[in-house]
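Student: Structure below; questions to follow.
Coordinate-derived values only; no laboratory data. What you are looking at is a predicted structure, and each value in this text was computed from that prediction instead of being measured. Methodologically, a virtual Cβ is constructed for each residue, glycine included, from the backbone with ideal geometry; neighbour enumeration extends over all protein chains shown.
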Amino acid sequence: MPTLELRGAHHHYLDVGHGPDVVLLLHAFPLHAGMWTEQIAALSSGHRVLALDAVGFGESTARSAPTTMAEEAADVLALFDHLKIPRAAVVGLSMGGYVAFELLRARPDFVRALVLCDTRATADTPEGVTKRETFAEQALERGIGWVADELVPKLLGPHAEPRVVNLVRALIGQADPAAVADAQFGMAARRDAMPILRSITCPTLVIVGSDDVLTPPADAQAMAAAIPHAKLVQLAGVGHLSNLEARVGFNRALRDFLDHLPKHAPKHDHAPGHGHAPGHGHA
């Protein structure tokens, strides 16, 4: 379970598999990189897969002030510079999608391909900002159990398997309420990404659960329509965490997209010891 200190915080990340292409997995709020266990297993036989815990989540430490989505993207780029990886296929779900947009702003050549999952490009409305601020305050007052009670019904579809419900509750339960509050402030401050969508030139896939109530299919359709040549996949009967609820369909769509990317990216030597999947300690 490697860690790297980036701008005053220790970042934990997973680095698994081999292959000519690198895939970066950016997790949803308020989970951590352990939510990608099924995708890492599906991809690591043919790709080098990296998944990192955002600031304050999983085993990454927090900073003294809320971290913006742009700062999260800066952490990603610093990690990849440290690993000497110049490009990656970027997969972001929910909050991870917001970080992906900031990667595109900061270094568009870094993003070899893009997968936007159950996320949106628009900024929060004033009402949305107020809701996030209120949620942050209540998370600090009521604790992580309250956060799970509030979010699980919104993160999952009405027909989610008990196994998935229990997994999501466990992943949320490992978060620090302070990190939850900081992330809410960071997401509330994010910029509108709609203006940059038409300038995206890399291969792009948009995935959404048909029952996603947080970032509904209409948001996914708007992004896919604005991004040149983007492909849209809607997974029936699942909610916001589509990678967990519809892991078979999600993995099939993801692998089909990644396996058919143009083979022009340079190969990267994988450092010794990275070929075996490490335990995350949370999933």
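Student: For a quick size check, give me the Cα extents of the stretch 47-87 along its three principal axes, largest first, whole Å.
Tutor: 32, 19, 15
Student: Another question, then. Can you give the local net charge around residue 235? Use residues other than it whose beta-carbon is closer than 11 angstrom to its beta-carbon, Lys and Arg +1, Asp and Glu -1.
Tutor: -2
Student: Further question: How high is the FRET efficiency between residue 142 and residue 263 when r is their beta carbon distance and R₀ equals 41 Å, given to the nearest 0.05?
Tutor: 0.20
Student: Rounded to whole Å, give me the distance from the Cα center of the stretch 72-99 to that of the stretch 27-49.
Tutor: Result: 14 Å between the Cα centres.
Student: Amide H neighbours of residue 207 under 5 Å, counting only residues 5+ apart in sequence or on other chains, H built in-plane at 1.01 Å?
Tutor: Under 5 Å from the amide H of residue 207 lie the amide H atoms of 116, 117, 118, 233, each far enough along the sequence or on another chain.
Student: Here's another thing I want to ask about it. In percent, what relative contact order does the chain have, based on Cα pairs under 8 Å that are 6 or more apart in sequence?
Tutor: Dividing the mean separation by the residue count of the chain yields 23 percent.
Student: Now, a different point. So how do 149, 124, 109, 118 line up by other beta-carbon neighbours within 10 Å, fewest first?
Tutor: Fewest-to-most Cβ neighbours within 10 Å comes out as 109, 149, 124, 118.
Student: Using amide H atoms built in the peptide plane, which far-off residues or other-chain residues are under 5 Å from residue 6 H to H?
Tutor: 11
Student: Among rounded, prolate and oblate, which fits the stretch 1-126 when a ≥ b ≥ c are the square roots of the eigenvalues of its C-alpha gyration tensor, a/c under 1.5 means rounded, and a/b larger than b/c means prolate?
Tutor: Rounded shape, in that the Cα axes give a/c under 1.5.
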